[in-house]
Amino acid sequence: QVYVVESGGGLVQPGGSLKLSCEVSGLTFSTHSMSWFRQAPGKEREFLSAISRSGINTVYIDPVKGRFTITRDNDKNTVNLQMNNLKPEDTGVYYCAPHKIHFYKDPSRYEYWGQGTQVTVSS
């Protein structure tokens with residue numbers, strides 16, 4: 001059984017920071033790329049960032065580039081998303097997801113999801 005558990009969300013003012021964490025169990029973490037997605041109210045789930053199995057390669061969508069940083073710890077089976085200079089449009093439920101082969105921007109390509117963690121950016 002694969003479990004994906006996101007944490008670290010909360011309410012933050014614009015310009016603030018949050019660090020999200022995601023712990024995965026039930027699979028060989030180091031052989032999976034990891035991605036973060038966001039789902040805003042009334043919108044589809046959106047790809048944000050991914051990190052390769054080794055952690056060497058990362059990718060970000062333009063709206064978060066320079067503000068978000070994805071990292072992973074293969075010893076702890078965790079992936080993190082450091083989010084700085086948060087904006088109201090960053091509000092949503094944040095999810096992480098593993099993929100055995102590669103990362104994909106299409107959420108339908110992923111088999112395992114957690115419950116997500118809510119991030120609200122508001123003054």
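The values are calculated or read from the model by the stated rules, or taken from the named source; none is laboratory data. Keep in mind the model is a prediction, meaning the values are calculated, not measured. Every residue, glycine among them, receives a Cβ derived from its backbone with ideal geometry; neighbour counts consider all protein chains shown. Surface accessibility is based on the protein's heavy atoms, side chains included, excluding ligands, DNA and RNA. Shrake-Rupley method; radii C 1.70, N 1.55, O 1.52, S 1.80 Å.
Name every residue in region 22-37 that is crowded, with 17+ Cβ neighbours inside 10 Å and of a type in the set (S, T, N, Q), in order of residue number.
The answer is SER33, SER35.
Table: residues versus (1) modelled with pLDDT under 95; (2) open to solvent by 30 Å² or more (accessible area, probe 1.4 Å); (3) more than 16 Å from GLN115 (Cα to Cα).
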site: VAL5; (1), (2), (3): no, yes, no
site: GLY10; (1), (2), (3): no, no, no
site: LYS19; (1), (2), (3): no, yes, yes
site: GLN39; (1), (2), (3): no, yes, no
site: SER49; (1), (2), (3): no, no, yes
site: THR58; (1), (2), (3): no, yes, yes
site: ASP62; (1), (2), (3): no, yes, yes
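Among the residues that make up region 59-67, is at least one of them under 18 Å from VAL4 (Cβ atoms) and under 15 Å from the mean Cα position of the chain (by Cα)? If you could, list the steps in order and put the result at the bottom.
If we filter region 59-67 for residues that are under 18 Å from VAL4 (Cβ atoms), which is where we start, we get none.
There is no residue in region 59-67 that is under 18 Å from VAL4 (Cβ atoms) and under 15 Å from the mean Cα position of the chain (by Cα).
Of all residues in region 76-105, count the ones that are out of contact with any His (no Cβ under 6 Å at 6 or more places or on another chain), surrounded by fewer than 17 Cβ atoms within 10 Å (Cβ to Cβ) and modelled with pLDDT under 95.
Count: 4.
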